[in-house]
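Values quoted throughout were computed directly from the atomic coordinates according to the rules given, and no laboratory measurement underlies them. Values in this document were obtained by computation on a predicted structure and should not be read as measured data. Don't worry about glycine lacking a Cβ; one is built from the backbone with ideal geometry, like all the others, and counts go over all protein chains shown.
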Amino acid sequence: MRKLAGKNVFVTGVTGFLGQAVFERLLLDFPETRITLLVRPQLGSSGRQRVESLMGRPTFNALRDKVGTEGIAVALEERVDVVDGDFSADGLEIPGGLDVVIHCAAAVAFDPPIDEGFLTNLVGAVRLYEAALANNPAPHLLHVSTAYVAGVRKGVIPEATLDHRVDWRAESDLAIRARADVEAASRKPEILDSFLRKARAEHGRAGPQSVADDAEERRKTWVTKRLVQYGRARAQTLGWPDNYTFTKAMGERAVETLAASHGVPLSIVRPSIIESSYEHPFPGWIEGFKMAEPIILAYGRGTIPDFPGIPEGIIDIIPADFVVNAMLAAAANPPEPATPAYYHVSSGARNPLQYKGLYENVKEYYERDPLPQQGRGAVKVPEWTFPGNLRVERLLRTAERAVDVADKVVTHLPKSKRMRDLVARVDRDKGRVDFVRRYSDLYGAYTEAEVIYTDDRMLALSDSLTPEDRERFPFDSAIMDWRYYLQDVHSPAVTQSLRELSRRERQTPTVKIQEREHPVVALFDMEGTIITSNVVESYVWTRMADLPPDEWPRELVSVFGKIPSYLQIDRRDRGDFLRTFFRRYEGASVEGVQRLIDHHVGEFMLQKASSAAIRRIREHRHRLVDELAVGF
Ligand SMILES: NC(=O)c1ccc[n+]([C@@H]2O[C@H](COP(=O)([O-])OP(=O)(O)OC[C@H]3O[C@@H](n4cnc5c(N)ncnc54)[C@H](OP(=O)(O)O)[C@@H]3O)[C@@H](O)[C@H]2O)c1
């Protein structure tokens with residue numbers, strides 16, 4: 001590892017999960033190494049400002065403990081250069097003097113639009129290395145890939161170049177051209193007419209500009225969805241589960257070709273599923289939610305009755321710090337220029353964790369330390385039976401149909417308190433079914449994989465380290481104790497914020513709204529949108545209740561007598577109509593109207609409210625609580 005001392009190491013993706021951990025390790029353990037970072041400016045922050053703001057994160061706790069905040073500032077000043085740039089765009093410039101280029105950044109969502117996946121994971125990677133090679137004669141290129149570039153094949157996958165004959169240049173060119181094709185298709189009159197029809201139905205009364213805006217928004221959404229479909233379909237017809245693994249596989253090919261043509265050393269590091277750290281910067285360190293966390297959390301809340309997957313199948317998880325350590329060891333030991341080195345950083349070959357083992361450990365953890373259930377004790381986690389994927393799929397389809405029927409029924413029934421409770425229940429069920437569907441579609445290929453990624457080269461690399469380095473930078477998965485990791489490290493890390501939130505809720509039942517620099521407001525149109533009445537009807541209700549009964553006939557005759565002229569103004573300009581009509585409220589007291597709303601009209605409005613709208617408002621409220629929870 002000491003070979004990195006005195007070198008200049010270039011890193012991309014440091015604002016992300018893995019890159020951030022690589023950066024931390026370089027700052028903490030390699031004081032004689034210079035670090036150059038590529039960061040894209042964002043929301044008015046330069047690359048350097050983004051890097052400075054990273055320093056407050058828990059990732060850098062160990063470094064802060066060692067050198068203090070001032071020490072960090074000095075290290076940033078003296079050892080770190082930041083280049084502002086986006087490698088998916090043209091015109092990237094990378095300075096000279098680099099010894100190693102660690103390319104960590106990528107588009108990691110499973111299903112990006114096909115062109116975006118290629119632009120980042122293939123074209124972007126090539127642009128980045130070309131820019132680096134323009135000013136550096138022979139840097140060691142360390143390309144972070146994924147074990148899943150192997151695609152949907154089963155069996156044993158060696159640490160070697162991928163065996164496929166797909167023409168990456170043709171795939172990349174066609175993928176990037178796909179956007180122009182889809183954009184053109186979205187402008188066909190029959191397609192535009194369909195957007196316009198839907199926009200008119202929803203926003204016709206708000207005026208032609210609102211209709212046009214909505215139609216254009218629908219067109220853009222259609223383009224994105226279509227490009228996602230292009231990516232998924234193309235990946236699957238060639239043997240990859242999704243666009244992410246497909247573009248990463250094509251990216252590997254492009255980078256191999258480039259490194260060979262420049263005669264530079266190339267290491268390709270392929271981690272499997274990266275989860276929280278085993279040890280460093282502290283056990284359980286994780287940034288954001290990765291792959292297994294949403295399922296572990298939902299299971300702990302008792303909301304997933306079963307999930308597809310082969311119980312004996314191997315779920316290949318590797319802690320983040322093992323990946324970082326392996327990358328740094330690979331960076332310190334470049335291969336010969338003509339022979340790229342491939343490393344699987346994975347656990348399936350020598351310390352396999354079965355899907356059932358993952359489930360049993362997580363279940364044991366929750367049985368020992370269950371999640372609290374709001375006001376109703378603790379959650380009892382369900383027993384998964386692993387009935388086979390076909391049966392889970394059949395159950396899922398039946399559940400989807402049942403929820404769909406219930407949804408239609410509750411949407412069209414008259415509104416009442418009982419109905420509102422029913423709607424809430426249907427929503428809950430729908431949320432659960434949607435969750436299992438989304439995640440089983442996304443992760444199907446990962447929970448059913450019957451594949452082993454061999455890691456002999458990775459082990460040889462680990463064995464080549466000095467005993468001190470092996471101890472300080474471990475990455476041999478055989479040393480992992482799954483029970484300890486899953487029950488004492490990973491699951492507590494995943495559930496920590498939820499437990500803290502419910503502890504706080506128990507302590508302080510009132511929600512405190514924090515001052516925000518940019519407040520968030522959710523505004524809703526009422527009449528004709530949330531409630532099935534119109535401004536006239538609402539007025540009649542409110543005004544009648546505020547007037548003595550002997551004045552009702554006069555007021556009603558006056559309102560209805562004016563309806564033809566109101567309609568005429570409404571047809572001409574909605575704003576004019578509202579202004580004219582709302583003048584009728586003149587003389588009504590604010591307190592009176594408030595009292596009426598609280599005691600009479602509120603209940604009437606709730607009964608007239610569309611259940612879909614109430615759901616939407618509830619969703620906003622949930623989101624608001626989530627955001628508040630993050631801000632606390
Ligand atoms: N996470 C896993 O489980 C996993 C497993 C196997 C392999 N990997 C591989 O590990 C690497 C890191 O993954 P991750 O989970 O750390 O990803 P991540 O958290 O999503 O971070 C992605 C990083 O890439 C940067 N980036 C993306 N496009 C860019 C562009 N055009 N120009 C400049 N920067 C750009 C992002 O910067 P912004 O902040 O500006 O967006 C961010 O820093 C990837 O190569 C991925 O394929 C990950």
Once you mark the GluC sites (Glu not before Pro) that are in a DSSP loop and have at most 11 other Cβ atoms within 10 Å, what is the longest gap between them in the chain? 94-382
Using only helices, what value at 222 nm comes out for the chain when you add -39,500 (n - 2.57) per DSSP H run of length 4 or more and divide by the total residues, to the nearest 500 deg cm²/dmol? -17500 deg cm²/dmol
Once Lys and Arg get +1 and Asp and Glu get -1 on their Cβ, which of I295, M250, A522 lies farthest toward the positive end of the dipole of the chain? A522
The answer for chymotrypsin sites (Phe, Trp or Tyr not before Pro) in segment 238-289 that fall in a DSSP coil and have at most 15 neighbouring Cβ atoms within 10 Å is F289
Is there a quick way to get the dipole size of segment 130-275? I mean about its Cα centre, with the Cβ of Lys and Arg at +1 and of Asp and Glu at -1; what is the value in debye to the nearest 20? 540
For the Cα atoms of the chain, what angle does the longest principal axis make with the long axis of helix 563-572, in degrees from 0 to 90, nearest 10? 30
Just how large is the dipole of segment 194-265 about the Cα centre, in debye to the nearest 20, putting +1 at every Lys and Arg Cβ and -1 at every Asp and Glu Cβ? 380
What's the angle, to the nearest 10 degrees (0 to 90), between helix 208-238's Cα axis and the longest principal axis of the chain? 30
In terms of the Cα gyration tensor, with a ≥ b ≥ c the square roots of its eigenvalues, is segment 94-221 rounded because a/c is under 1.5, prolate because a/b exceeds b/c, or oblate? prolate
Among Q373, P241, P139, the residue whose Cα sits farthest towards the positive end of the charge dipole of the chain, when +1 is placed on the Cβ of each Lys and Arg and -1 on the Cβ of each Asp and Glu, is Q373
Among chymotrypsin sites (Phe, Trp or Tyr not before Pro) in segment 108-207, those in a DSSP loop whose Cβ has at most 11 other Cβ atoms within 10 Å are none
May I ask you to work out the translational diffusion coefficient for the chain at 10 °C, viscosity 1.306 mPa s, via Stokes-Einstein with Rh from the Kirkwood sum over Cα pairs, reported in whole µm²/s? 56
What do you get for Rg/Rh over segment 216-375 if you use C-alpha atoms and the Kirkwood form of Rh? 1.05
Cα-based helix-to-principal-axis angle, 355-368 vs the chain, degrees rounded to 10: 60
I need to check one value: relative contact order of segment 226-342, counting alpha carbon pairs closer than 8 Å and at least 6 residues apart, in percent. 36
Which value, in debye to the nearest 20, gives the size of the charge dipole of the chain about its Cα centre, when Lys and Arg are +1 and Asp and Glu are -1 at the Cβ? 2280
Work out the charge dipole of the chain with +1 on the Cβ of Lys and Arg and -1 on the Cβ of Asp and Glu about the Cα centre, then indicate which of A206, V228, N325 is farthest towards its positive end. A206
Find the centroid of the Cα atoms in segment 349-386 and in segment 176-252, then give the distance between the two in whole Å. 39
Quote the relative contact order of the chain in percent (integer), defining contacts as alpha-carbon pairs under 8 Å separated by 6+ residues. 14
